[in-house]
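Just below is one structure, and these are the notes that go with it.
The values are calculated or read from the model by the stated rules, or taken from the named source; none is laboratory data. Because the structure is predicted, anything quoted here is derived from the model rather than measured. Neighbour counts run over all protein chains shown; Cβ positions are idealised from the backbone, glycine included.
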Amino acid sequence: MSPTEGTELAPYVEKASRVELIIRWLYGIVIGLVFFLWELWISVCTAIHFWYILFLGRRSPYFYRQTRRYIAAVANASSYLAYLTDGRPDLTPDLVLYARDAESDVPRSVPSSSARFCVSCGAEMPVMAAFCPKCGASQ
């Protein structure tokens, strides 16, 4: 797919508002503070998620949703703050929408406690298996 065939977050518009340019600076300060505090929380979530994956061998749906919401909100505001559009994003983005999108990507099946994951390919396998049934790697 070429860049012109995809749906763009902020399609090119030549006309730009000078008043909106001034408002953007003030609005950017507020958004910047919100995103700074949110990024601190996401950094903590990412550090905890690292250890969660290391010890349990799977991702946490909670930490996944938290990070996905942040990334979606930043992407929503970035086109405005980078002077690509005059369409001002909401100060409170629709986090319910982001949560629904994130939840739809989280697998609904939870691996049983009698399963483990291959150290090579990550496939689920029986606890007592010496070799991965998918890639054949020794455990």
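Residues in the range 57-66 that are assigned to a helix (DSSP H, G or I) and either modelled with pLDDT of 95 or more or surrounded by 15 or more Cβ atoms within 10 Å (Cβ to Cβ) (or both): how many?
Result for the range 57-66: 5.
Take residue 83 and decide whether it is in the same structural domain as residue 40 (by TED's automatic domain parsing) and modelled with pLDDT of 90 or more.
No: the conditions fail for residue 83.
Out of 97, 33, report the one residue that is assigned to a helix (DSSP H, G or I) and either of a type in the set (S, T, N, Q) or at pLDDT 85 or above (or both).
33
Name the residue, out of 80, 52, that is within 30 Å of residue 119 (Cα to Cα) and within 21 Å of the chain's Cα centre (by Cα).
It is 52.
Out of all the residues in the range 57-78, which are more than 28 Å from residue 25 (Cβ to Cβ) and either among the charged types (D, E, K, R) or free of Cβ contacts under 8 Å to residues at least 40 places away in the same chain (or both)?
Within the range 57-78, 58, 59, 60, 62, 63, 65, 66, 67, 68 qualify.
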